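A short write-up of the structure that comes next.
The values are calculated or read from the model by the stated rules, or taken from the named source; none is laboratory data. Small disclaimer: the values here were computed from a predicted structure and weren't measured. Methodologically, a virtual Cβ is constructed for each residue, glycine included, from the backbone with ideal geometry; neighbour enumeration extends over all protein chains shown. Side chains included, ligands, DNA and RNA excluded: accessible areas come from the protein's heavy atoms. Shrake-Rupley method; radii C 1.70, N 1.55, O 1.52, S 1.80 Å.
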Amino acid sequence: QASEELFEPTRKLLVWNSTAAVFGGLLIALIGTYAANKIVNPLGKLQKAIGNIGQKPTAEEQSPEIKVDTEDEIGDLAKAFNKMSQDLRATRASDLKHLEELEQTLVDLAESETLVTTIMNSVVDGIISINTRGLIVSFNPSAERIFGYSASEVMGKNVSIMVPEPDKSQHDGYIETYLKTGKKNIIGFGREVTGQRKNGSKFPMDLAVNEMFIGEQRLFVGVIRDITLRRSMEADLRKLSRAVEQSPSSVIITNLQGD
């Protein structure tokens, strides 16, 4: 037989195998492309979105949501992720708003505290605040000047150290009576009392006490004014008045115009 006839079946087999290989390669490529579009690419988008979910979206990617146009399990997973992402963005926006409000509140409180501290440090009257046990909570510079104590010496101590006897022993009882009965003897009223300095000397002072609440904490705030000079001037005026009254000579007091 001729060689062409002899090898014709083999040639046909090789052609068929080659055709099958090319077709198989194309089929594999098509299947790979389909798999990439339907499985690999969506999974890659999902993985990237999950990696960026905790970060602020860039200008090119304003949202960490993913677009998957499939109705299979991957599509369901993408929809669930997008819903979670929306809820997370809403929660983050709410948290950021609350943080901004809290920051502004802290700024306002700091400014208010600075203002209050400036006023407390500038007024000429002594200002002392105590808690319901009579322990000193605040002690301004004027109170330091009036009583002779530094704030560090009296903070946390009972305010009765600045009260002479007999009120010293009864001071805590006054507070307890008010807390039990609500009857105000001093609170909300101003009156003249006697204070006691660090060196033990006593002096007259005007005292006004009021009640305030900071959150759930109840405080009593006392405003003190040393009236030693005023009392001295009043005593001098009384002496002058008695001298004038007892003088055998006529005394006439006029203003600058002689009236």
At 1.4 Å probe size, with the rest of the protein present, what percent of the exposed accessible area of the range 156-207 is carbon and sulfur atoms? 51 percent
GluC sites (Glu not before Pro) within the range 173-232, DSSP loop, no more than 15 other Cβ atoms inside 10 Å: 216
Trypsin sites (Lys or Arg not before Pro) in the range 102-200 lying in a DSSP loop, each with at most 15 other Cβ atoms within 10 Å of its Cβ, come to 133, 157, 183, 184, 197, 198
